[in-house]
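Here's the structure, in structure tokens; my notes come after.
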Amino acid sequence: MKQWLCYYWRLLWRPAATISLGVLVLGGFIAGIIFWGGFNTAMEATNTEQFCVSCHEMRDNVFEELKGTIHYNNSSGVRATCSDCHVPHEWTDKVARKMEASKEVWGWLFGTINTPEKFEAKRRELAEREWARLEANDSLECRNCHEFESMDFTRQSPRAAEAHSTALAGDEATCIDCHKGIAHELPDMSGVHNR
């Protein structure tokens, strides 16, 4: 056993053509840790409210709308940030959403929503894209904070209690089907059929 270990130890640290296999493995491991740490740090930095409102398109349009909603200012003091509603919490879903968000960066770079007028012109398209994403993932981001099992129907209005106990319980609808416009102003909804 000792001979076997010694053989592999020498093999690992013996110079190959110019550098040993051990140095390559160790270097790759260290580079991987640095890359992983940098990648995760960048992912988390782009999940902050400060990052989201650093461009005037978000700060002057949708962030101002959010300030007037229950998700921003409420009696409990719990506040949702941009990433709470727009970025999934699970790592793989988060990476996929960040890749999808590159379209938004593209729009920022080329100025497709850089004025209130341009933003309003694209508001419905942007909202529909976000609604479709939330419908496809069963309003995952909503459910990160609002658990169906924890809902107290006795403290809800009769209409809300009825909708939550039937549509959500029976998987007939998801949160965004009824709660469009909960955090941002609705676009022109002419021609849209609500459930």
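Would you be able to tell me the number of residues in the range 129-172 that are among the acidic types (Asp, Glu), in a helix (DSSP H, G or I) and in contact (Cβ under 8 Å) with a residue 24 or more places away in the chain?
Looking only at that region, the number is 3.
Could you tell me which residue of the range 108-137 is least open to solvent (accessible area, probe 1.4 Å), considering only residues that are at pLDDT below 90 and aromatic (Phe, Trp, Tyr)?
Phe119
Of the residues that sit in the range 174-188 and are touching a residue at least 12 places away in the same chain (Cβ under 8 Å) and surrounded by fewer than 18 Cβ atoms within 10 Å (Cβ to Cβ), which one is farthest from His86 (Cα to Cα)?
This residue is Asp188.
Kindly provide the set of residues from the range 145-172 that are surrounded by 15 or more Cβ atoms within 10 Å (Cβ to Cβ) and within 14 Å of the chain's Cα centre (by Cα), ordered by number.
Selection gives nothing.
Report whether or not Thr112 is assigned to a loop (DSSP other than H, G, I, E, B), hydroxyl-bearing (Ser, Thr, Tyr) and in contact (Cβ under 8 Å) with a residue 40 or more places away in the chain.
No; evaluated as a whole, the condition is false for this residue.
Picking from Phe39, Phe35, which residue would you name as being outside any strand (DSSP E or B), out of contact with any helix residue (DSSP H, G or I) (no Cβ under 7 Å at 6 or more places or on another chain) and over 30 Å from Cys145 (Cβ atoms)?
Phe35
The values are calculated or read from the model by the stated rules, or taken from the named source; none is laboratory data. What you see is a predicted model; the values in this text were computed from it and never measured. Here Cβ is always computed from backbone atoms with ideal geometry, including for glycine, and neighbour counts include all displayed protein chains. Quick note on the areas: whole protein, heavy atoms, side chains included, nothing else; ligands and nucleic acids left out. Shrake-Rupley method; radii C 1.70, N 1.55, O 1.52, S 1.80 Å.
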